[in-house]
Amino acid sequence: MDLNLKNKVFIITGGTKGIGGAITRAIAVEGGIPVFVGRNKETGEALLKELDSQGNEALYLQGDLNIKGTSEKIARLTLEKFNRIDGLINNAGRNDGVGLENGNTDDFAKSVFNNLNHYYEMAHYCLDALKKTKGSIVNISSKTALTGQGGTSGYAAAKGAQLALTREWAVELLKYHIRVNAIVPSEVMTPLYESWLSTFENPEEKIKSIVEKIPFENRMTSKEEIANTAVFLLSDKSSHTTGQQLFIDGGYVHLDRAIS
Ligand code: NAP
C-alpha cells in the first residue's frame, strides 16, 4: 500500500529514540521527510546519520520542549527549510512519578506542564502550515490516562488531557480538513521503559508478570507496531478517521485479562 507520504514533512517531538525514533524511521521508509526533536545532540545526530546513509532526507532539531520558545522555533525552522508541514506527532514525554504521596503541589504542576504544555504549543505553532496542507495531528497518550498506575498523578493527568485535546482539536479543526487522533500505548520496550523497569529489585520477574497479563500473544507491543499505526494516521489512507483513540496494546486495556 502506498501511503502517499513522499516528500511530505512531518514533525516528531521526541523523535530521536523509543517510540518517536520508530515513527521517525517509519516516515523515512515511506519516503516522507521526518523533522525530529530531542534534547540529546549525540542521539539526534546519530539518527540523522543513519537516515542519511540510507538516502533519506531528514532534519534533526535539538531542543528542550519545556523551555519557552522551543516549539515556536521548531515550527519556524521547519518552514524555513521545507516551506510546508504535513503532520505533527506529539510524542515527547516522561512518566516522572509525581504522586499524591510522593510529591507536592509544585512537583505536580511541573509534571503536568512538562508532559502537556508542548503538545498545545506545537499544535498552535504548526496550525497555519497544517491548514495549507490539510495535515494530520497524532497525539501519543498512555494507558495510564484510562487505567491509572498509582504514584504518578502529574503524568496521568497530562495523558488524560491529551485525549481530551485530541477530541477538542478534532472538532475545532473540522473546518480546515485537519484530522486529529491519539494513539494509546500500554507496554512498549523503549529507553524510558527500561529505566522504569530498572527501578524494581528484580526487573526480570517484573517484566514476566507484566507480559503474562497482555492478552494478545503475552508480549510487549513493539515500537514499530506503534509507528505503523502512526504513519497510517498521518496518511490519506485514514482520510475519514478523526477524533479517535487507537489502543495499540495487544488488548491490554479493553480485553478480559483474567483469561490470559
Ligand atoms: P523515551 O524512550 O524516553 O523517548 C522519549 C523521546 O522524547 C526521546 O527522543 C527524548 O530525547 C525526547 N524528549 C523527552 N523529553 C523531551 C523534551 N523535554 N524536549 C525534547 N525532547 C524530549 O520514551 P518512550 O517510551 O518512547 O515514550 C514516548 C511517548 O510514549 C511518551 O509520551 C510516553 O508517555 C508514551 N508512552 C510510552 C509507553 C511505553 O511503554 N514506552 C507507554 C505509554 C505511553 P532526549 O532524552 O534526548 O530529549
The chain, dipole about Cα centre (Lys/Arg Cβ +1, Asp/Glu Cβ -1), debye to the nearest 20: 780
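Mind ordering 46-53, 173-180, 114-121, 205-212 by average Cβ neighbours within 10 Å, highest first?
Highest to lowest by the protection proxy: 114-121, 173-180, 46-53, 205-212.
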Helix-only [θ]222 nm of the chain, DSSP H runs n ≥ 4, -39500 (n - 2.57) each, per residue, nearest 500: -14500 deg cm²/dmol
Peptide ranges 86-97, 229-240 listed from the most packed, as the mean C-beta count within 10 angstrom indicates: 86-97, 229-240
Helix runs (DSSP H) in the chain reaching 15 Å along axis by Cα, Kyte-Doolittle at least 1.0: 18-29
Percentage relative contact order, region 9-259, counting C-alpha pairs under 8 Å, at least six apart: 20
Residue of Ala161, Ala75, Ala28 that the Gaussian network model of the chain assigns the largest fluctuation, springs spanning Cα pairs under 10 Å: Ala161
Cross-link pairs beyond the 20 Å C-alpha cut-off, checked among Lys73/Lys134; Lys110/Lys223; Lys132/Lys175; Lys49/Lys81: Lys73/Lys134; Lys110/Lys223
Pairs of alpha carbons in region 1-100 whose separation is greater than 22 Å (percent): 25
Lys/Arg +1, Asp/Glu -1 at C-beta; region 47-138 dipole; positive extreme among Val138, Gly63, Ala92: Val138
Solvent-accessible area, 1.4 Å probe, carbon plus sulfur percent, for the chain: 50
Centroid-to-centroid separation of region 68-130 and region 1-62 [C-alpha atoms, Å]: 18
Net charge over other residues, Cβ less than 11 angstrom from the Cβ of Arg25 (K, R count +1; D, E count -1): -1
For region 9-259, accessible area per residue (1.4 Å probe, heavy atoms of protein chains only), Å²: 49
Stretchable slack from Glu45 to Ser239, in nm (0.36 nm times residue separation minus alpha-carbon distance): 66.5 nm
Region 9-259 shape via C-alpha gyration tensor axes, a/c threshold 1.5: rounded
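The values are calculated or read from the model by the stated rules, or taken from the named source; none is laboratory data. From a predicted model like this one, the values you see are computed outputs, not experimental measurements. Ideal geometry is used to build each Cβ from the backbone, glycine not excepted, and the neighbour counts take in all protein chains shown. Areas reflect the complete protein model, heavy atoms only, side chains present, ligands, DNA and RNA absent. Shrake-Rupley method; radii C 1.70, N 1.55, O 1.52, S 1.80 Å.
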